[in-house]
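Before any comments, here is the structure.
Every number here is computed from the coordinates shown, using simple stated rules; none is lab data. Owing to the predicted nature of the structure, the values given are computational and were not obtained by experimental measurement. Every residue, glycine among them, receives a Cβ derived from its backbone with ideal geometry; neighbour counts consider all protein chains shown.
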Amino acid sequence: MPHRSLIENSPDDATPIVALDADALPAWLERADPALRRWVTATAFTAREETFSLIPDAEHGLGAVVAGIGDPDSPWALAHLATALPGGDYRLAADCPARLGTHAALGWALHGYHFGRYKTAERAPARLAIPSGADAADLEAQVFAVCLVRDLINTPAEDMGPESLADRATEIAQAHAAQTEIIRGAALLDAGYPAIHAVGRASARAPRLIDLRWGDPDAPRVTVIGKGVCFDSGGLDLKGAAGMRLMKKDMGGAAHALALADLIMKTALPIRLRVLIPAVENAVSGNALRPGDVIASRKGLSIEVDNTDAEGRLVLADALAEGGAERPDLIIDFATLTGAARVALGTELPALFCNDEPLAGSLLDAATAVHDPIWRLPLHRPYRKLLDSRVADIANAGSAPYGGAITAALFLSEFLPADVPWAHFDIMAWNSRARPGRPEGGEAMGLRAAFACLRRRYGSA
């Protein structure tokens with residue numbers, strides 16, 4: 001089923017869009033009839049990126065659109081037109097660059113996104129006919145995955161707690177005949193997930209571990225893990241109001257893990273997939289985790305809690321230990337883990353940490369190819385000393401105020417086998433400003449890069 005801003009077949013009355021860059025504009029004007037040339041010149045259209053001119057037809061209706069583009073390989077080249085143009089149906093003109101088609105449709109659909117659970121959109125987006133030659137099913141799968149991430153993150157914690165997140169994971173699993181197991185509340189202690197339980201026990205909404213499996217058991221094993229902190233108050237190390245305001249997004253890693261799983265299953269990648277999501281709320285109550293407490297972990301390492309607001313790495317520690325125990329072909333985790341990564345790279349560029357050079361190279365290449373940027377930061381081993389504790393095997397926060405994204409990644413690495421390829425995405429999962437194809441609010445970051453990497457690595461069924 002196409003996205004609301006895409007249509008599969010081009011209607012006869014769909015308005016054509018001519019896409020040009022500034023260098024191509026003079027030659028196009030030379031070929032145009034004089035009346036069209038005069039109109040475009042009169043409207044001062046220069047084919048700069050994100051500009052367009054509406055061309056009237058003989059009956060003074062809308063006959064065509066001439067749009068400026070920058071990089072024709074970018075999905076954002078024409079994305080803004082989905083809401084900038086008058087409502088109706090549009091198609092790319094036959095003389096548009098061929099490679100623009102699929103990219104343009106992806107960006108158009110993502111720009112037309114609206115989170116409508118609580119508020120109706122002011123207007124419907126303009127609709128673009130999926131260009132001929134584009135893989136409509138693949139396009140729809142990627143649009144659905146990104147919109148799934150956005151919807152899950154944008155949903156307030158009142159309606160997206162651990163139980164709701166587990167229910168959504170179960171729905172996705174059932175759609176693809178995958179198996180799920182949900183371990184809840186005190187059962188986490190019996191099952192050997194003490195760190196997940198310790199973080200989530202203070203909430204009235206019980207913590208959970210979501211465990212999804214799909215695919216041929218004999219296929220290469222890929223494990224995807226997502227941080228599912230459905231709201232992060234900071235615990236007893238309570239956040240200030242400004243820091244707490246967006247903490248509904250702290251389950252953004254879980255949203256990415258579920259969306260990547262949906263893409264993998266929907267496109268039938270020939271792998272044995274496992275998804276692990278520790279779903280908790282970091283709350284305050286009489287039994288809340290305290291600074292200075294020492295807790296157990298699934299791997300057997302004792303952890304001193306230096307800061308209760310560094311809770312994401314605690315729940316990930318148990319999930320990573322379980323995922324690594326099967327020694328899969330590779331492990332990918334997504335987490336809204338540190339403010340330090342945002343200080344280093346800003347809010348729009350996710351940090352990648354990776355212990356395997358071929359995997360890191362493949363992810364970076366894929367990110368460039370699909371215009372889903374990531375930036376690699378180092379697992380600088382000398383900083384591991386900053387996590388030393390006098391009373392436990394490891395502390396959950398570094399002893400120095402610098403390099404927080406690195407020490408967090410090093411903490412996670414302690415709970416994995418050293419020889420299992422592992423990629424860790426430290427993401428913002430939120431657009432602080434609106435850009436073409438990327439509205440303000442919850443956002444998928446690194447998702448399409450990770451999927452492109454897996455598709456290159458494992459091929460299709």
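Quick rundown of the values:
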| quantity | calculated |
| --- | --- |
| Inter-label distance, nm, simple model (7 Å from Cα along the C-beta direction), Leu189/Glu440 | 4.5 |
| Computed label-point distance, nm, for sites Ala121 and Glu158 using a 7 Å Cα→Cβ extension | 2.5 |
| Chain lengthening between Asp138 and Ala219 when straightened (0.36 nm per residue, less Cα-Cα) | 26.9 nm |
| Surrounding net charge for Arg184, when Lys and Arg each add one and Asp and Glu each subtract one, Cβ distance under 14 Å | -3 |
| The chain - mean residue ellipticity at 222 nm from DSSP helices (-39,500 (n - 2.57) per run, n ≥ 4, rounded to 500) | -9500 deg cm²/dmol |
| Nearest 10 degrees, 0 to 90: helix 252-266 Cα axis against the chain principal axis | 60 |
| Candidate lysines for bridging to Lys239, where Cα separation is under 17 Å - those fewer than 8 sequence places away on the same chain excluded | Lys248, Lys249 |
| Region 124-167-region 422-461 distance, computed between alpha-carbon centres (Å) | 13 |
| Förster-model FRET efficiency, 25 Å R0, Lys385 and Asn287, C-beta, rounded to 0.05 | 0.15 |
| Where trypsin sites (Lys or Arg not before Pro) fall in DSSP loop in region 81-160, at most 16 other Cβ within 10 Å | Arg99, Arg117, Lys119, Arg123 |
| Exposure proxy order (Cβ contacts within 10 Å, fewest to most) of Thr267, Thr407 | Thr267, Thr407 |
| Cα-Cα P(r), region 180-259, percent of pairs per 5 Å interval | 3, 13, 19, 22, 19, 12, 7, 3, 2, 1 |
| Ranked Leu128, Leu314, Leu78, Leu364, criterion: other C-beta atoms within 10 Å, fewest first | Leu364, Leu314, Leu128, Leu78 |
| Total formal charge among the other residues, if their Cβ is under 10 angstrom from that of Asp159, Lys/Arg +1 and Asp/Glu -1 | +1 |
| Nearest-ten-degree value, helix 312-325 long axis tilted from longest Cα axis of the chain | 80 |
| Angle in degrees between helix 162-175 and the longest Cα principal axis of the chain, rounded to the nearest 10 | 60 |
| Likely footprinting exposure, Leu54, Leu209, Leu246, fewest C-beta neighbours within 10 Å first | Leu54, Leu246, Leu209 |
| Inter-part distance where region 1-62 and region 263-281 are each reduced to a Cα centre, Å | 42 |
| Extension gain from Trp375 to Leu54, taking 0.36 nm per residue of separation minus the Cα-Cα distance | 111.7 nm |
| Loop chymotrypsin sites (Phe, Trp or Tyr not before Pro), region 313-421 (other Cβ atoms within 10 Å of the site Cβ: 16 or fewer; DSSP) | Tyr402 |
| Estimated D of the chain in µm² per second, where Rh is the Kirkwood radius over Cα pairs and Stokes-Einstein applies at 20 °C, 1.002 mPa s | 92 |
